[in-house]
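Q: To start, I am sharing the structure in question, which I have written as structure tokens.
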Amino acid sequence: MLTSFQELVPGLFQIPGYAETLIRAVYPEEPSSEITRRVEMKMHRQRLVTRKGRPAAVDVILDESVLRRMVGNPRIMAEQLRHLADLSTKPNITVRVLPYLAGVPLGDLTGPFTNVDFALDAKGKHEPSVVYVENFTGAMYLERPDSVGRYRTAQEAIGRVALDAQPSRDLLRRAAREFERER
């Protein structure tokens, strides 16, 4: 199970145009063939959550800025937001929005993070939970129980003030229509 708070659309949910825009910004000198390869890899990983048999469960809370910050152009944003709303109808995917009006529920900003809880293996054991924290200079996996616990507490606090799934879906579709009008 993945639970996450994000300030950009998570890679598992990105459409090709959104992914390409971000990858080109990070790697401006890369040839188009490498950009295409990176986008294709990202699209391939999405099968983890869309496959028919045992898709991964994902519960993501998006900061409202994800819906407002232009990535690419209005057409890409409208398509991306509709895609998020559609994905959120799948039984293994929950997408919720932390609205601006919720303020700063933790009294400080956490930045994006993902809590990763592993399923039981055939012997009834599982790997310890970890937190994945990605930033501008790289990524970290936090394994210490106190760090994992703090991020789990943060996810719960953010979850208490985030919109529920249906109002979030409605907001995603409204924001998509706003971008469509800008085209």
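Q: So which residues in region 149-158 are crowded, with 17+ Cβ neighbours inside 10 Å and among the hydrophobic types (A, V, I, L, M, F, W, C)?
A: Passing the criteria: Ala154, Ile158.
Q: Can I ask one more? Could you tell me which residue of region 23-58 is nearest to the chain's Cα centre (by Cα), considering only residues that are hydroxyl-bearing (Ser, Thr, Tyr) and assigned to a helix (DSSP H, G or I)?
A: Thr50
Q: How many residues, within region 122-148, are within 18 Å of the chain's Cα centre (by Cα) and either farther than 22 Å from Gly11 by Cβ or surrounded by 15 or more Cβ atoms within 10 Å (Cβ to Cβ) (or both)?
A: 5
Q: If you check Ala85 against the conditions, is it open to solvent by 20 Å² or more (accessible area, probe 1.4 Å) and either in contact with an Asp or Glu (Cβ under 6 Å, 6 or more places away or on another chain) or in contact (Cβ under 8 Å) with a residue 24 or more places away in the chain (or both)?
A: No; evaluated as a whole, the condition is false for this residue.
Q: Scan region 1-16 residue by residue and report those that are assigned to a helix (DSSP H, G or I) and open to solvent by 20 Å² or more (accessible area, probe 1.4 Å).
A: Gly11, Leu12, Pro16
Q: Restricting attention to strands (runs of 3 or more DSSP E) lying wholly within region 69-166, give those where 2 or more residues are touching a Leu at 6+ places or on another chain (Cβ under 8 Å).
A: Hits in region 69-166: 93-98, 113-116, 130-135.
Q: Has region 61-68 got any residue that is basic (Lys, Arg) and surrounded by fewer than 18 Cβ atoms within 10 Å (Cβ to Cβ)?
A: yes
Q: Just to verify a result, which residue in region 68-111, among those that are at pLDDT 95 or above, touching a helix residue (DSSP H, G or I) at 6+ places or on another chain (Cβ under 6 Å) and among the hydroxyl-bearing types (Ser, Thr, Tyr), is nearest to Val133 (Cα to Cα)?
A: Residue satisfying both the conditions and the ranking: Thr94.
Q: I would also like to ask the following. Pairs please, first residue from region 154-183 and over 11 Å from Val97 (Cα atoms), second anywhere and of a type in the set (A, V, I, L, M) and surrounded by fewer than 16 Cβ atoms within 10 Å (Cβ to Cβ), Cβ atoms under 6 Å, 6+ apart in sequence or on different chains.
A: So the pair list comes out as Ala154/Leu106; Ala157/Leu106.
The values are calculated or read from the model by the stated rules, or taken from the named source; none is laboratory data. Keep in mind the model is a prediction, meaning the values are calculated, not measured. Note that we place each Cβ from the backbone using ideal geometry, even for glycine, and neighbour counts take in every protein chain shown. Just the protein is used for accessible areas: all its heavy atoms, side chains included, with ligands, DNA and RNA removed. Shrake-Rupley method; radii C 1.70, N 1.55, O 1.52, S 1.80 Å.
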